[in-house]
Amino acid sequence: MKTPNYQKIYEDLIKFKGLEDHMTVPKLERSIDIIKFNKLISKQTVNEIVTQQGRSYDEDSILELLHYQIKYEMSNTQLALEFKLSRNTVARWKKIYNIK
(Lines give C-alpha, C1' and ligand atoms only; values in the text may rest on other atoms or scores of the structure.)
Protein backbone atom coordinates (compact mmCIF):
# COMPACT_ATOMS: atom_id res chain seq x y z
CA MET A 1 0.00 0.00 0.00
CA LYS A 2 1.36 3.40 -0.95
CA THR A 3 1.75 6.07 1.68
CA PRO A 4 0.12 9.44 1.08
CA ASN A 5 2.27 12.25 -0.31
CA TYR A 6 2.13 14.48 2.77
CA GLN A 7 4.41 17.02 1.13
CA LYS A 8 1.84 17.68 -1.60
CA ILE A 9 -1.12 17.56 0.81
CA TYR A 10 0.38 20.23 3.07
CA GLU A 11 1.49 22.39 0.13
CA ASP A 12 -2.11 22.38 -1.12
CA LEU A 13 -3.40 23.11 2.41
CA ILE A 14 -1.06 26.09 2.78
CA LYS A 15 -2.20 27.44 -0.60
CA PHE A 16 -5.83 26.96 0.43
CA LYS A 17 -5.25 28.89 3.67
CA GLY A 18 -3.32 31.60 1.77
CA LEU A 19 -0.11 31.09 3.72
CA GLU A 20 2.23 30.29 0.82
CA ASP A 21 3.96 33.70 1.20
CA HIS A 22 4.59 33.14 4.91
CA MET A 23 5.77 29.55 5.17
CA THR A 24 7.12 26.65 3.18
CA VAL A 25 6.61 22.97 3.81
CA PRO A 26 9.71 21.34 5.33
CA LYS A 27 10.73 17.83 4.35
CA LEU A 28 8.22 15.50 6.00
CA GLU A 29 9.90 12.11 6.28
CA ARG A 30 8.66 10.74 9.59
CA SER A 31 5.28 10.80 11.26
CA ILE A 32 6.63 12.97 14.10
CA ASP A 33 7.61 15.61 11.52
CA ILE A 34 4.06 15.55 10.16
CA ILE A 35 2.57 15.91 13.66
CA LYS A 36 4.82 18.87 14.51
CA PHE A 37 4.13 20.63 11.21
CA ASN A 38 0.40 20.03 11.54
CA LYS A 39 0.51 21.56 15.04
CA LEU A 40 2.30 24.57 13.59
CA ILE A 41 -0.20 25.36 10.85
CA SER A 42 -3.45 24.42 12.57
CA LYS A 43 -5.15 26.44 15.23
CA GLN A 44 -6.79 23.83 17.40
CA THR A 45 -8.95 24.72 20.37
CA VAL A 46 -8.48 23.10 23.76
CA ASN A 47 -11.92 21.48 23.69
CA GLU A 48 -11.50 19.97 20.22
CA ILE A 49 -12.06 16.24 20.08
CA VAL A 50 -9.41 14.49 18.03
CA THR A 51 -9.94 10.90 16.96
CA GLN A 52 -6.99 8.57 16.75
CA GLN A 53 -8.57 6.50 14.02
CA GLY A 54 -6.24 6.28 11.06
CA ARG A 55 -3.12 7.55 12.82
CA SER A 56 -0.02 5.45 12.64
CA TYR A 57 3.52 6.00 13.87
CA ASP A 58 6.81 4.68 12.62
CA GLU A 59 9.27 3.13 15.04
CA ASP A 60 11.60 6.16 15.07
CA SER A 61 8.73 8.48 15.97
CA ILE A 62 7.53 6.20 18.77
CA LEU A 63 11.03 6.04 20.25
CA GLU A 64 11.42 9.82 19.94
CA LEU A 65 8.15 10.34 21.83
CA LEU A 66 9.20 7.90 24.56
CA HIS A 67 12.61 9.57 24.92
CA TYR A 68 10.82 12.94 25.09
CA GLN A 69 8.76 11.53 27.95
CA ILE A 70 11.88 10.38 29.80
CA LYS A 71 13.77 13.63 29.16
CA TYR A 72 10.99 15.82 30.55
CA GLU A 73 9.98 13.32 33.27
CA MET A 74 6.39 13.11 32.06
CA SER A 75 3.78 10.56 33.05
CA ASN A 76 1.91 8.55 30.45
CA THR A 77 -1.08 10.86 30.91
CA GLN A 78 0.99 14.01 30.36
CA LEU A 79 2.57 12.61 27.20
CA ALA A 80 -0.83 11.48 25.93
CA LEU A 81 -2.30 14.96 26.46
CA GLU A 82 0.70 16.68 24.87
CA PHE A 83 0.54 14.67 21.64
CA LYS A 84 -3.18 13.78 21.66
CA LEU A 85 -2.60 10.08 22.20
CA SER A 86 -4.31 7.46 24.29
CA ARG A 87 -2.74 6.62 27.65
CA ASN A 88 -3.14 2.97 26.70
CA THR A 89 -1.20 3.55 23.49
CA VAL A 90 1.70 5.08 25.44
CA ALA A 91 1.65 2.20 27.93
CA ARG A 92 1.56 -0.35 25.10
CA TRP A 93 4.54 1.31 23.40
CA LYS A 94 6.52 1.28 26.65
CA LYS A 95 5.76 -2.42 27.11
CA ILE A 96 6.78 -3.26 23.53
CA TYR A 97 10.10 -1.36 23.77
CA ASN A 98 10.78 -2.38 27.40
CA ILE A 99 10.97 1.19 28.66
CA LYS A 100 10.20 1.76 32.32
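The values are calculated or read from the model by the stated rules, or taken from the named source; none is laboratory data. Values in this document were obtained by computation on a predicted structure and should not be read as measured data. Using ideal geometry, Cβ is built from the backbone for each residue, glycine included, and neighbour counts are taken over all protein chains shown. Heavy atoms of the whole protein, side chains included, go into the accessibility calculation; ligands, DNA and RNA do not. Shrake-Rupley method; radii C 1.70, N 1.55, O 1.52, S 1.80 Å.
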Go through region 52-100 and give me each residue that's among the acidic types (D, E) and closer than 27 Å to Y6 by Cα. D58, E59, D60, E64, E82
Taking region 71-100 and keeping residues out of contact with any helix residue (DSSP H, G or I) (no Cβ under 8 Å at 6 or more places or on another chain), assigned to a helix (DSSP H, G or I) and farther than 19 Å from K36 by Cα leaves N88, R92, K95, I96
Would you check if I62 is modelled with pLDDT of 85 or more, out of contact with any Lys or Arg (no Cβ under 9 Å at 6 or more places or on another chain) and open to solvent by less than 40 Å² (accessible area, probe 1.4 Å)? yes
Condition check: modelled with pLDDT under 90 and exposed (fewer than 12 other Cβ atoms within 10 Å of the Cβ). Does K100 satisfy that? yes
Would you confirm whether any residue within region 20-42 is modelled with pLDDT under 85, over 16 Å from the mean Cα position of the chain (by Cα), open to solvent by 50 Å² or more (accessible area, probe 1.4 Å) and of a type in the set (D, E, K, R)? yes
Has region 69-92 got at least one residue that is exposed (fewer than 12 other Cβ atoms within 10 Å of the Cβ), modelled with pLDDT under 85 and not basic (K, R)? no
Close pairs (9 angstrom Cβ cut-off, 6 or more residues apart or separate chains): over 30 Å from E59 (Cβ atoms) in region 10-32, open to solvent by less than 50 Å² (accessible area, probe 1.4 Å) and of a type in the set (A, V, I, L, M) anywhere: K17/I41; L19/I41; E20/I14; H22/I14
